[in-house]
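Okay, so here's the structure we're looking at.
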Ligand code: SF4
């Protein structure tokens, strides 16, 4: 066990009242419900809203509660509201911007040296409109869990693999028991040293950080860290931050990655506040990604030149460790490209 002390409890009465599965099941599943809840007339939305897109609306109540009632330009709402503009065909934007489809084997991506990524689930607790995997053919590529033995064999047979990244969709859609089984199987492969979990789930539904989850991650011999995804400081309310801090206090580092999104976080004041708010719960900023050019997301685009100016401005107002690395992923390259 990495942390020999008992699991440090932190009371979070509101978020533990209902189970995360209940919240997931009852998420808003269309624009109309969400706008009604926020008391916003659909004619006030900045774009023509659309209910018939292939990538449906999905927003749990705990995330919607952090949006401002009556504000059609709320930065959390704009990340999830499905609209007509997503149907526009824009040059340079495609369905598979990182050329991931057909890589490696079903449920597994081996893009970079020493690391493999398990695609454990074909869905998420929230559908972010800019998602680079919004067109990923999860149904035909199958998830790691249904191909588990094949993917564990793949990792076992390649001793250069020292880190396994659980991704998706969102890997924390798996229940704790299933996850515990997988973590145990990975820990039995001697050359696997690190486990990384890429998830937005604890941001969207903070009650997903259960006692059992903390126990299983704290107990494994694998060096484990959680990488969450937050774009705007309003996403981190006290319940969310406190839940994530429980992981840190039990020896599991939490890092954050963000996507640079026009009209949401493309200004230095918002990004600086995000870094400060994350760190007030011991979470460190990791990457700020340029938008991946996925079809349907062009209205979120912010240029590389403006991003560099933003990072420069952050350096002047924050200590270095709170400035995220500006990164872009270019298909076929052996690692992410760090721009600043
Ligand atoms: S949580 Fe991540 S993987 Fe899921 S829809 Fe949002 S950006 Fe995509």
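Since every read-out is calculated from the coordinates, none of them should be taken as a lab result. Every value quoted in this text rests on a predicted model; they were computed, and no experiment measured them. Positions of Cβ are generated from backbone atoms using ideal geometry, with glycine treated the same way; all protein chains shown enter the neighbour counts.
Within the stretch 255-273, count every residue that is crowded, with 19+ Cβ neighbours inside 10 Å and within 16 Å of the ligand (Cβ to nearest atom).
The qualifying residues number 8.
Need the failing condition index for residue 23 against (1) under 28 Å from residue 293 (Cα atoms); (2) in contact with a helix residue (DSSP H, G or I) (Cβ under 7 Å, 6 or more places away or on another chain), just the number.
(1)
If I ask for residues that are part of a loop (DSSP other than H, G, I, E, B) and farther than 18 Å from residue 243 by Cα, which ones from the stretch 17-39 would you list? Full working, then the answer.
Residues of the stretch 17-39 that are part of a loop (DSSP other than H, G, I, E, B), as a first pass: 17-19, 26-27, 29-30, 38-39.
Result: 26, 27, 29, 30, 38, 39.
How many of the residues making up the stretch 255-300 are more than 21 Å from residue 198 (Cβ to Cβ) and part of a loop (DSSP other than H, G, I, E, B)?
Looking only at the stretch 255-300, we keep the residues that are more than 21 Å from residue 198 (Cβ to Cβ), and these are 262-263, 266-270, 272-273, 276, 280, 295-296, 298-299.
After this cut, where a residue has to be part of a loop (DSSP other than H, G, I, E, B) as well, the list is 262-263, 266-267, 280, 295-296.
Summing the residues that are more than 21 Å from residue 198 (Cβ to Cβ) and part of a loop (DSSP other than H, G, I, E, B) in the stretch 255-300 gives 7.
If you go through the stretch 241-254 one residue at a time, do you hit one that is surrounded by 15 or more Cβ atoms within 10 Å (Cβ to Cβ), assigned to a strand (DSSP E or B) and in contact (Cβ under 8 Å) with a residue 12 or more places away in the chain?
Checked the stretch 241-254: at least one residue is surrounded by 15 or more Cβ atoms within 10 Å (Cβ to Cβ), assigned to a strand (DSSP E or B) and in contact (Cβ under 8 Å) with a residue 12 or more places away in the chain.
Could you grab me the full set of residues in the stretch 79-101 that are assigned to a loop (DSSP other than H, G, I, E, B), without any contact (Cβ under 8 Å) to a residue 60 or more places away in the chain and more than 21 Å from the chain's Cα centre (by Cα)?
Scanning the stretch 79-101 gives a single hit, 91.
Residues checked against (1) within 16 Å of the ligand (Cβ to nearest atom); (2) closer than 22 Å to residue 24 by Cα; (3) without any contact (Cβ under 8 Å) to a residue 24 or more places away in the chain:
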{"position": "156", "(1), (2), (3)": "no, no, no"}
{"position": "176", "(1), (2), (3)": "no, yes, no"}
{"position": "184", "(1), (2), (3)": "no, no, no"}
{"position": "193", "(1), (2), (3)": "no, no, no"}
{"position": "199", "(1), (2), (3)": "yes, yes, no"}
{"position": "206", "(1), (2), (3)": "yes, yes, no"}
{"position": "235", "(1), (2), (3)": "yes, yes, no"}
